[in-house]
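So the structure is just underneath, and the comments pick up after that.
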Amino acid sequence: MEAIRNALDFSDFPRLDLIVAGSVGIAFIIFPLFPHSSFAMSTMIQFLMFSLYGMGWNTIGGYGGQVDLGKAQYVGIGAYTTAVMLILWDVPFWVSMPIGMFFSVVWSFIIGYPLFRLKGHYFAIATIATSLVLKDLFEVWDFVGAARGLEISPIKYHPPDFLRLIFREDVYYFYVILGFFFLGVLYMNWFRKSRLGFQLRSIKDNEDVARSLGINVHWAKVKTYAIATAFVSMVGSFHACYIKSIEPEDTMSLDISILIALMAMLGGAGSLWGPIIGAGILIPLKSYLKEWLGAQVGLVGIDLIIYALIIMVISAFEPRGVWGIVEKFRRRKRN
Amino acid sequence: MLNVSIMDILVGSLFAGLLIGMVLALVALGLTIIFGVMDIVNFAHGEFLMIGMYTGLLTAQGLGIDPLFTLPVAGVVGFLLGVICYFGFIKFLLRGPMVAQLLGTFGLMLFLRNLALLIFGSEDRALHHGILVGKSFEIGMGVIVSATKLTCAGLSVVAFLAVWLLMNRTKIGKALTATSLDAQGARYMGVPTQKMNALAWGIGGASVTIAGALIVNFWSVNPFIGLLFTMIAFAIVALGGFGSVPGAFFAGLVVGMITELPGFWDFFTYTFEADWMVDIPMTSFKYMWVYLAYFVIMVVRPRGLFGWKQ
C-alpha cells in the first residue's frame with residue numbers, strides 16, 4: 001500500500017509540470033479518436049516503446065550514472081523468448097513476457113556481476129562487447145532462425161487476439177503499450193523515491209563516500225541493472241508481437257543500444273520526464289527524416305547524417321539535455 | 001603426408017595471425033594514443049580507418065599509381081582529419097560528463113559513416129591492380145603467404161616504430177607523455193596541452209588511416225566496415241593496456257591470432273580426430289572471440305598487460 005501511495009504521489013513537482021504532464025497524458029489517451037495516418041500511429045507506438053526503454057536505461061544510466069551501452073541484448077532476449085514460445089508452443093504473450101523478463105534478469109546477473117567491477121569507459125565498452133557477443137551467437141543459432149530471424153504469421157491466429165497480442169489494427173497495440181507506459185511512469189516515480197533510488201544517486205555523486213556510508217555499492221548497481229533489464233525486456237516482448245518479424249540485426253544491433261542511451265540523455269538523464277521528452281523529440285524526428293529525406297528525396301543516409309549532427313551538437317553543448325535547460329532556466333528565475 | 005598437411009595448417013594460421021596482427025596493432029595504436037593523452041574513447045576510430053581505406057583506394061585508382069605509394073596521402077588526410085575533429089568537436093566534448101563524450105564520438109562515427117554512404121554508395125569496392133596484388137610466394141613448409149599481406153605487415157611495423165620513436169625519443173613525444181600523465185602539471189610546466197591534444201588526435205588519425213590504406217590492399221571496403229575494426233581496436237587496447245604503445249603492439253599480435261582461431265580449430269580437430277569439433281561453425285564466430293576476449297580481459301585484468309592507467 002505504501003509503495004502504491006508513493007508511486008501515485010507526484011506532489012514534489014511544480015504544479016506547472018503536473019498540468020503539462022497530465023494534459024499530455026490525456027492527449028495520448030484520446031489521440032486515436034482523432035483522424036490520423038497510419039504513419040503517425042506507428043510513430044506514436046515507437047515513441048511509447050522507446051520512452052519505456054529510456055526509462056529502463058534511466059534507472060542505471062541516469063540515476064546511477066553507469067553508462068550502459070548494451071541494452072539491445074535484452075530487447076533481443078525478450079523479443080526472442082516471446083516469439084519462440086508463441087511459434088513453437090503457442091504460449092500467450094502475458095505468460096511469455098514474464099518468462100522473457102526472467103531470462104533477461106538471470107542473464108543480467110551473470111554478466112552484471114563481473115561487469116560492475118569496471119567503471120566509466122571500461123564499463124561502457126564491456127557492455128557493448130557482451131551485447132555483440134550475444135548478437136553473434138543469435139546469428140548462428142539455428143533454433144532461433146539464425147540470421148534470418150523469426151516470423152510470427154498472423155494468419156494462424158484470429159485477431160483481435162488479446163492473449164497472444166496479435167491484432168490487425170495498430171490501435172490495440174497503442175493502448176496496450178500506453179498502459180505499460182503509464183505503469184512505467186508510476187514505477188519510476190516510486191523508484192526515484194525508494195531506498196535504492198537514493199542509494200544510486202549517492203553512488204553517482206561519489207562512490208567512495210557512498211561506500212563509507214554503508215551502501216553496498218556493487219550490489220546496488222547489480223540490482224538496478226536487473227530492474228533496467230526487466231523494463232527493456234518487457235518492451236522487447238511487445239516489440240516481437242508488434243513488429244512480428246525479428247532478426248538479430250534489427251533487435252540487437254548497437255544502434256538500438258545507443259539510441260536508448262541517447263534519448264535519455266537528450267531529454268535529461270536522471271529525471272523522471274527526461275527519457276519521455278527525449279523519445280518525444282528523437283523518434284518523430286528520426287521517422288520523419290527517414291520518410292521524407294531518405295525515401296522521397298532519395299538521398300540514402302542523409303537522415304542519419306542529420307541525426308548524427310544532432311547527437312554531436314547536444315553532447316558538445318548541452319550534455320544535461322532538455323530537462324537540464326529547463327531547470328537552469330527555473331533556477332535563474334527563482335534567484 | 002597427413003602430418004605435413006596438419007603442420008601446414010598450424011604454421012599457416014600462425015603466420016596469417018601474426019601478419020594480420022601487425023596491421024591490427026597499427027589500427028589500435030591511434031586509439032591508445034588518444035586514450036592515453038586525454039582519457040577519451042573514440043568510437044569513430046573504425047570510421048577513420050574506413051576513410052583511410054577509401055583514400056588509398058581512390059588515390060590509387062584516380063592517379064593510377066600503386067596502392068602502396070598512397071600511404072603518405074592517407075597519412076596527411078588522417079592527420080588533418082584528426083586535428084579538425086579535435087578543434088571542431090572534441091574540444092567541446094571534453095568539458096562535459098563522460099556519457100556525453102561516449103555518445104558524442106558515437107555521433108561522429110554515425111556522421112562519418114553515413115557521409116561515406118552518401119558519397120561512395122553502399123557497394124563493396126576493392127583494389128584490382130598494383131605490383132603486389134594477387135602475388136604470393138612460398139616460405140617453406142608449404143606455407144603460402146600473399147605478398148601484399150607480408151608487405152603491409154612490414155610497413156605497419158615500420159610505422160609503429162616511427163610512432164614509438166616519436167613518443168620516446170623526441171621533445172614532442174615527451175610533452176605528449178607529460179600531458180597524458182598529468183595534464184594540469186604539464187600545463188604549469190609550459191606544455192601547450194591543447195596543442196598536444198590536437199597532436200595526439202593528428203597522430204592517432206594518421207596512423208589509423210595509414211593502416212586503412214594498407215588494409216585496402218587485401219580487404220574490400222564499404223561504409224559499414226568501421227565498427228568491426230573499432231571493436232577489434234578496443235579489444236587490442238584493452239589487452240595491451242589503455243594508453244600503452246608497446247602494449248598495443250603485442251596485444252595486436254595476440255588479437256591477430258584470435259581472429260585466426262578457425263585455422264587453429266581445424267588443426268586441433270585433425271590432430272585429435274575429434275568429430276564433435278567439426279560440427280561447430282568456427283568461422284561464423286570469428287569476431288565473437290575478439291569481443292569475448294575483450295570482456296574477459298576487462299573483467300580479469302582491467303589494466304591490461306602493460307597498462308598503467310586505472
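The values are calculated or read from the model by the stated rules, or taken from the named source; none is laboratory data. Source: prediction; values computed, not measured. Cβ placement follows ideal geometry from the backbone for every residue including glycine, while neighbour counts extend to all protein chains displayed.
For this structure, a couple of remarks:
- Sole residue being within 14 Å of chain B (Cβ to nearest Cβ), at pLDDT 85 or above and assigned to a helix (DSSP H, G or I), chosen from A:G54, A:G78, A:G22: A:G54
- The residues listed here are A:I60, A:I77; of these, the one that is within 15 Å of A:S104 (Cα to Cα), touching a helix residue (DSSP H, G or I) at 6+ places or on another chain (Cβ under 9 Å) and touching a residue at least 60 places away in the same chain (Cβ under 8 Å) is A:I77.
- Any hit, the range B:200-208, residues being within 13 Å of the chain's Cα centre (by Cα), small (G, A, S) and within 14 Å of chain A (Cβ to nearest Cβ): no
- Residue match in the range A:138-145 (condition: surrounded by 21 or more Cβ atoms within 10 Å (Cβ to Cβ), within 14 Å of another protein chain (Cβ to nearest Cβ) and more than 12 Å from A:S237 (Cα to Cα)): yes
- Only one of the listed residues (A:I87, A:I60) is part of a helix (DSSP H, G or I) and buried (at least 22 other Cβ atoms within 10 Å of the Cβ). That residue is A:I60.
- Within the range A:110-130, the residues that satisfy the criterion of being touching a Pro at 6+ places or on another chain (Cβ under 9 Å) and surrounded by fewer than 24 Cβ atoms within 10 Å (Cβ to Cβ) are A:R117, A:L118, A:K119, A:Y122.
- Check on B:M231, under 24 Å from A:I128 (Cα atoms) and of a type in the set (A, V, I, L, M): yes
- No other residue among B:G173, B:G154, B:G190, B:G204 is out of contact with any Leu (no Cβ under 6 Å at 6 or more places or on another chain) and either hydrophobic (A, V, I, L, M, F, W, C) or closer than 20 Å to B:G243 by Cβ (or both) apart from B:G204.
- Test result for B:T179, crowded, with 17+ Cβ neighbours inside 10 Å, on the phi < 0 side of the Ramachandran plot and either modelled with pLDDT under 80 or part of a loop (DSSP other than H, G, I, E, B) (or both): no
- Checked against (1) within 14 Å of another protein chain (Cβ to nearest Cβ); (2) surrounded by 22 or more Cβ atoms within 10 Å (Cβ to Cβ); (3) not hydrophobic (A, V, I, L, M, F, W, C), A:E318 meets all criteria but (2).
- Unique residue being facing chain B (nearest Cβ under 9 Å) and in contact (Cβ under 8 Å) with a residue 40 or more places away in the chain when the list is A:I128, A:I152: A:I128
- Out of A:V84, A:V176, A:V171, A:V105, one residue alone is of a type in the set (V, I, T), in contact (Cβ under 8 Å) with a residue 12 or more places away in the chain and touching a Pro at 6+ places or on another chain (Cβ under 6 Å). It is A:V171.
- Single residue of B:G96, B:G88 found to be surrounded by fewer than 20 Cβ atoms within 10 Å (Cβ to Cβ), part of a loop (DSSP other than H, G, I, E, B) and within 12 Å of chain A (Cβ to nearest Cβ): B:G96
- Of residues in the range B:45-72 being more than 20 Å from B:G202 (Cα to Cα) and surrounded by 18 or more Cβ atoms within 10 Å (Cβ to Cβ), the one modelled with the lowest pLDDT: B:P67
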